[in-house]
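**Q** Here it is: the structure, laid out below.
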Amino acid sequence: MKYYFFKLIPPRVTFPGDITPTEALLMQEHSIYWKEYMNQGLVVAFGPVFDPKGPYGVGIIRLEDGGGDPSSMCANDPTVLANVGFTYEVHPMPSLVLPDKAVERRSN
């Protein structure tokens, strides 16, 4: 297994306090999109982070070795495809501790 950290960066630091109706719909599509990956076992967790320096979304992606490109999953997020200022970063995680097994999982 390989794990990746996904960070969705909103178009401005005042988001979601001044979210527009269009952005609210995009966020609903965003949640549906990532829940589908979660249902497939490809996402461990995702959700918003209210960092005082600026909010962002976080997701932990789980892929089988050789199981695809996490960047394509992120690039196809409805918020990114809408081209309204959302950007993302995706980074490999060399290890991850999961609570159900209480053991560290190492990515190869």
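**Q** For region 1-11, name all the residues that are at pLDDT 95 or above and of a type outside the set (F, W, Y).
**A** Within region 1-11, K7, L8, I9, P10, P11 meet the criteria.
**Q** Follow-up. Look through region 3-53, keep the residues that are outside any loop (DSSP other than H, G, I, E, B), among the aromatic types (F, W, Y) and free of Cβ contacts under 8 Å to residues at least 60 places away in the same chain, and return whichever of them is surrounded by the most Cβ atoms within 10 Å (Cβ to Cβ). Steps first, please.
**A** Initial filter on region 3-53 (outside any loop (DSSP other than H, G, I, E, B)): 3-9, 21-39, 43-49.
Checking which are among the aromatic types (F, W, Y) leaves us with 3-6, 33-34, 37, 46.
With the extra rule that they be free of Cβ contacts under 8 Å to residues at least 60 places away in the same chain, the set shrinks to 33-34, 37, 46.
Details: Y33: 18, W34: 24, Y37: 15, F46: 19.
Going through the qualifying residues, I end up with W34.
**Q** Have a look at M73, M93 and point out the one that is under 17 Å from the mean Cα position of the chain (by Cα) and either at pLDDT 95 or above or over 29 Å from G17 (Cα atoms) (or both). Give the steps one after another, and end with the answer.
**A** Values: M73 fails: either at pLDDT 95 or above or over 29 Å from G17 (Cα atoms) (or both).
Only one candidate qualifies: M93.
**Q** Within region 54-79, which residues are β-branched (V, I, T) and in contact (Cβ under 8 Å) with a residue 60 or more places away in the chain? I'd like the intermediate steps shown before the answer.
**A** We begin by selecting, within region 54-79, every residue β-branched (V, I, T); these are 58, 60-61, 79.
Hit for region 54-79 is T79, nothing else.
The values are calculated or read from the model by the stated rules, or taken from the named source; none is laboratory data. Note that the structure is a prediction, hence the values are computed from the model and not measured. Using ideal geometry, Cβ is built from the backbone for each residue, glycine included, and neighbour counts are taken over all protein chains shown.
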